[in-house]
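Written below as structure tokens is the structure these notes are about.
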Amino acid sequence: MIVEQTQLEDCFIISPKIFRDDRGYFFESFNKEAFKTLTGTSVNFVQDNQSKSSKGVLRGLHFQTGPFEQAKLVTVISGSVLDVCVDLRPASHSFGNHFSMVLDGTDKKQLFIPRGFAHGFLVLEDDTVFSYKCDNYYNKDSERGIIYNDKKLNIDWRNKTEDLILSEKDSKLPTFESLFV
């Protein structure tokens, strides 16, 4: 695996070594020891989640607070997404900054998002299957979010607003600034 540091502190792109032949492919999707050696980060994943979505669905920006914060390792099984994360850690050098990249089912790249980040993604193809590992269990009472079109964050979702499909909950999330005043 190859690990690249993004411009956000502690956030990494992971590119697995894929072995392909006429039968298909094989790759190691996660190795705890290799991950720790290459990133300097120790993580213990306890929950795996998966979603399937249509083109235009935007999920996020979500995060959990307090003792229920979650680090995530996200990837796409099939299809593609524009994946976005935002550093919410006030003590971080990259606080308030975001990172985005396309994840797809072909190159199998992954994005490691540490605790203290908001996360969301825009689905770029129909029938996209998105998968993520979490290092903490979901807790409904600690779930929070930031509106996807927050003016301060100025995220380029590479799509027209009228083409987005949002849940009612995601369309009513607060702004970044209202969380940090």
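The values are calculated or read from the model by the stated rules, or taken from the named source; none is laboratory data. No experiment lies behind these values; they were computed from the predicted model shown. Every residue, glycine as well, gets a Cβ built from its backbone with ideal geometry; the counts of neighbours run over all protein chains shown.
A few remarks follow.
- Scanning segment 15-48 for residues that are surrounded by 13 or more Cβ atoms within 10 Å (Cβ to Cβ) and under 22 Å from Asp127 (Cα atoms) turns up just one, Ser29.
- Complete set of residues in segment 1-14 that are loosely packed, with under 14 Cβ neighbours inside 10 Å and under 16 Å from the mean Cα position of the chain (by Cα): Glu4, Gln5, Gln7
- Exactly one residue among Asn97, Asn136 is under 19 Å from Leu173 (Cα atoms) and among the polar types (S, T, N, Q), and that residue is Asn97.
Per-residue answers, yes or no, for (1) modelled with pLDDT of 95 or more; (2) of a type in the set (A, V, I, L, M); (3) within 14 Å of Ser53 (Cβ to Cβ):
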{"site": "Gly116", "(1), (2), (3)": "yes, no, no"}
{"site": "Phe130", "(1), (2), (3)": "yes, no, yes"}
{"site": "Asn139", "(1), (2), (3)": "yes, no, no"}
{"site": "Arg144", "(1), (2), (3)": "yes, no, no"}
{"site": "Thr161", "(1), (2), (3)": "no, no, no"}
{"site": "Asp170", "(1), (2), (3)": "yes, no, yes"}
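- Residue match in segment 48-55 (condition: touching a Gly at 6+ places or on another chain (Cβ under 7 Å) and assigned to a loop (DSSP other than H, G, I, E, B)): no
- Residues located in segment 34-47, provided they are in a helix (DSSP H, G or I), touching a residue at least 12 places away in the same chain (Cβ under 8 Å) and out of contact with any strand residue (DSSP E or B) (no Cβ under 7 Å at 6 or more places or on another chain): Ala34, Phe35
- All told, Gly66 meets the bar of being small (Gly, Ala, Ser), in contact (Cβ under 8 Å) with a residue 60 or more places away in the chain and over 21 Å from Asp83 (Cβ atoms).
- Selected residue (criterion: nearest to Leu82 (Cα to Cα)) from residues of segment 151-177 that are free of Cβ contacts under 8 Å to residues at least 40 places away in the same chain and surrounded by 12 or more Cβ atoms within 10 Å (Cβ to Cβ): Ser171
- Test: residue in segment 22-33 that is touching a Phe, Trp or Tyr at 6+ places or on another chain (Cβ under 9 Å), in a loop (DSSP other than H, G, I, E, B) and under 27 Å from Leu179 (Cα atoms): no
- Among (1) in contact with a strand residue (DSSP E or B) (Cβ under 6 Å, 6 or more places away or on another chain); (2) polar (S, T, N, Q); (3) surrounded by fewer than 14 Cβ atoms within 10 Å (Cβ to Cβ) - the single one Thr65 does not satisfy: (3)
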